[in-house]
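Q: Okay, here's the structure, questions in a sec.
The values are calculated or read from the model by the stated rules, or taken from the named source; none is laboratory data. Just so you know, these numbers come straight off a predicted model, no measurement behind them. No Cβ is skipped: glycine too gets one built from the backbone with ideal geometry, and neighbour counts run over all protein chains shown.
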Amino acid sequence: MRAVIVYDTWRPRGATTTIASWIAEELRLSGFEALAVRAGEAGLGHVELLVAGSPVYFERLLPSVLKIVRSAEVSTAVFVVCYAARLGDRGLRYAKAMYLRKMEEAAGDRLIESHVFKGWLRKPPKGEEEKARKWARSVLERIVLA
């Protein structure tokens, strides 16, 4: 099966890029043909799974990612990367309500899974890589059950 992990960012070596790479690697380890690409380079072609991720900048998701999620016609998993998620339960609830919900709505009935990841500026929070890999495996479980 083929999957594309589409993301966009203003920081090419930042959190969103890193998380997209971890997800792609985990999907490949599970037998998927998976590629992580920036939204402007994305072609959905013949894929069975879209995983789309956006950082939050100035209280907004990147429109390039939302556009791809809205136009996709395949099973879709979405994630956001948000520094507010580092601020405890309130920050996580805020990120889900303000940002993740918009990604979920863009995916509509194609949505199979969603998640908020903690953003960072210098290095990933402890355990964030394993959370991304675990989430990728849960996305695979949803594909198998669909």
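Q: Name, by its number, the condition in (1) more than 14 Å from V6 (Cα to Cα); (2) surrounded by fewer than 19 Cβ atoms within 10 Å (Cβ to Cβ); (3) touching a strand residue (DSSP E or B) at 6+ places or on another chain (Cβ under 9 Å) that does not hold for E59.
A: (3)
Q: Of the residues that sit in the range 30-59 and are of a type outside the set (A, V, I, L, M, F, W, C) and closer than 18 Å to A107 by Cβ, which one is nearest to the chain's Cα centre (by Cα)? Walk me through it before giving the result.
A: Step one: list which residues in the range 30-59 are of a type outside the set (A, V, I, L, M, F, W, C), which gives 30-31, 33, 38, 40-41, 43, 45-46, 48, 53-55, 57, 59.
Keeping just the survivors that are closer than 18 Å to A107 by Cβ gives 48, 53-55.
Details: E48: 16, G53: 3, S54: 7, P55: 9 Å.
By that ranking, first place goes to G53.
Q: Working carefully through the options D89, D8, find the one that is buried (at least 23 other Cβ atoms within 10 Å of the Cβ) and among the acidic types (D, E).
A: Numbers: D89 fails: buried (at least 23 other Cβ atoms within 10 Å of the Cβ).
When all the criteria are applied, what remains is D8.
Q: Could you tell me which of the residues S138, S71 is touching an Asp or Glu at 6+ places or on another chain (Cβ under 7 Å), surrounded by fewer than 16 Cβ atoms within 10 Å (Cβ to Cβ), more than 16 Å from A15 (Cα to Cα) and without any contact (Cβ under 8 Å) to a residue 60 or more places away in the chain? Quick ask: steps written out before the conclusion?
A: Numbers: S71 fails: touching an Asp or Glu at 6+ places or on another chain (Cβ under 7 Å).
From the options S138, S71, the qualifying one is S138.
Q: While we're here: Regarding the range 11-29, can at least one residue be identified that is more than 12 Å from the chain's Cα centre (by Cα), buried (at least 18 other Cβ atoms within 10 Å of the Cβ), within 21 Å of G127 (Cα to Cα) and at pLDDT 95 or above?
A: Residues of the range 11-29 that are more than 12 Å from the chain's Cα centre (by Cα), as a first pass: 11-14, 25-29.
Filter once more, so that each one left must be buried (at least 18 other Cβ atoms within 10 Å of the Cβ): 26-27.
Okay, now just the ones that are also within 21 Å of G127 (Cα to Cα), so 26-27.
Narrowing the set further to residues that are at pLDDT 95 or above leaves 26-27.
Yes, that holds for at least one residue.
Q: Listed residues V51, V81, V6, V69; which is at pLDDT 95 or above and touching a Pro at 6+ places or on another chain (Cβ under 9 Å)? Don't jump to the end; show me each part of the working.
A: Details: V51 fails: touching a Pro at 6+ places or on another chain (Cβ under 9 Å); V6 fails: touching a Pro at 6+ places or on another chain (Cβ under 9 Å); V69 fails: touching a Pro at 6+ places or on another chain (Cβ under 9 Å).
Going through V51, V81, V6, V69 in turn, just one is at pLDDT 95 or above and touching a Pro at 6+ places or on another chain (Cβ under 9 Å): V81.
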